[in-house]
Amino acid sequence: MKSVVEEALDRAEDQNNSSDPDDSVRPIKSPEVEKDNEEIKEVMQELGTTIRVVGVGGGGSNTISRINETGIKGAELIAVNTDAQHLLNTDSHRKILIGKNKTKGLGAGSLPKIGQEAAEESKKELEQALDGSDMVFVTCGLGGGTGTGAAPIIAETAKNQGALTIAVVTLPFSVEGKIRQKNAKAGLKKLRNVADTVIVIPNDKLIETVPRLPLQKAFKVADEVLMRAVKGITELITQPGLVNLDFADVRTIMEGGGVAMIGVGEAEGDERAQEAVHKSLKSPLLDVDVSGADAALVNVTGGPDISISESEGVVKEVHDRISEDSRIIWGAQVEEDLEDTVRVLLVVTGVESPQILGSTEEAEREEMEEHGIDYVG
């Protein structure tokens with residue numbers, strides 16, 4: 001006599017091999033069922049989560065184009081810039097040229113004050129674009145003019161409209177100069193005050209993963225990490241998977257999450273899940289003591305042969321590394337192209353990072369002493 005597991009596997013195999021839809025399970029059809037189905041669909045449409053991803057400035061717009069290139073399910077992509085030419089070449093669902101009177105479409109000249117004023121000038125247009133959002137990602141490269149100056153205004157606008165607001169930002173490479181570093185840290189301070197969670201990706205830490213990479217290619221790697229963070233969180237909500245999350249799950253972790261950092265890892269072979277989670281936990285990007293994290297979000301993605309037990313093993317590893325009082329939510333998805341690969345995206349919130357928090361306060365003091373203003377321009 002076959003076990004329940006064997007029977008279920010045999011039935012699944014038969015359905016996969018069958019080319020005749022009549023050989024698979026037939027749905028029950030009746031006027032009552034059809035009516036119920038329509039009512040359920042209407043409720044699902046009303047309850048559907050409206051997610052928007054806003055890329056601000058040159059770096060943010062590049063991330064939007066990268067997300068659009070790879071594809072994202074269930075989110076609207078919006079590019080916001082003061083540079084008309086760059087905006088024209090960005091691939092997005094919507095484009096908003098901010099500060100037309102202030103900048104004439106010529107950019108912010110690396111001055112955050114100009115980026116801020118441009119966003120304030122176009123605030124009504126931004127409010128209209130974000131109206132009705134349940135969750136808004138604001139992504140940019142901090143340190144320049146438009147992203148650093150406008151991103152906090154956009155995040156505050158989304159937050160005031162009731163959206164769960166998550167900023168996903170990079171800090172500039174050291175070689176980009178002290179002024180960009182100071183501007184970035186001042187911009188991060190503003191974002192921390194208005195967004196629910198700010199996911200920070202220090203480019204200097206990113207370069208440790210590929211130390212000899214030319215700077216131009218390093219920027220591409222930064223775009224890729226930003227893209228994976230946004231897409232990974234979004235599709236946990238919008239895409240069916242082995243283990244699904246809903247918007248309420250993500251809100252539980254991200255609302256008031258403070259500063260967050262991410263770890264990414266992937267591996268192949270017999271111990272792929274364990275290796276992938278170890279890589280994510282040891283990622284240079286996750287340069288914090290995760291044991292003190294308030295919460296963690298784990299996204300496990302694998303090929304068609306990924307199992308629930310592999311995914312649970314990843315989550316257990318994370319659970320063992322953080323406080324037993326920390327909340328963990330996780331999801332697992334299948335991506336056909338990954339084949340034998342398992343990919344882990346880990347987001348830990350409420351972390352204490354001297355590299356970020358301490359240096360922000362130090363930079364703020366320096367700026368006030370030297371200039372008496374929030375930004376160095």
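Here are the numbers:
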read-out	value
Selected residue (only one of 289, 305 is surrounded by fewer than 18 Cβ atoms within 10 Å (Cβ to Cβ) and either modelled with pLDDT of 90 or more or β-branched (Val, Ile, Thr) (or both))	305
Residue tally, condition in contact with a helix residue (DSSP H, G or I) (Cβ under 9 Å, 6 or more places away or on another chain), part of a loop (DSSP other than H, G, I, E, B) and farther than 22 Å from residue 260 by Cα, over region 324-344	2
Output for region 70-94, where each listed residue is charged (D, E, K, R) and farther than 15 Å from residue 147 by Cα	73, 76, 91, 94
Residue 146 vs. criteria buried (at least 23 other Cβ atoms within 10 Å of the Cβ), of a type in the set (S, T, N, Q) and either more than 29 Å from residue 253 (Cβ to Cβ) or touching a His at 6+ places or on another chain (Cβ under 7 Å) (or both)	yes
Residue within region 229-243 that is closer than 17 Å to residue 287 by Cβ and not basic (Lys, Arg) present	yes
Residue in region 83-90 that is touching a Lys or Arg at 6+ places or on another chain (Cβ under 9 Å), under 17 Å from residue 140 (Cα atoms) and in contact (Cβ under 8 Å) with a residue 60 or more places away in the chain present	no
Failed criterion for residue 98 (all others in (1) surrounded by fewer than 24 Cβ atoms within 10 Å (Cβ to Cβ); (2) in contact with a helix residue (DSSP H, G or I) (Cβ under 8 Å, 6 or more places away or on another chain); (3) over 24 Å from residue 200 (Cα atoms) hold)	(1)
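The values are calculated or read from the model by the stated rules, or taken from the named source; none is laboratory data. None of the values given here were measured: they were computed from a predicted structure. Glycine also receives a Cβ, built like all others from the backbone with ideal geometry; neighbour counts cover every protein chain displayed.
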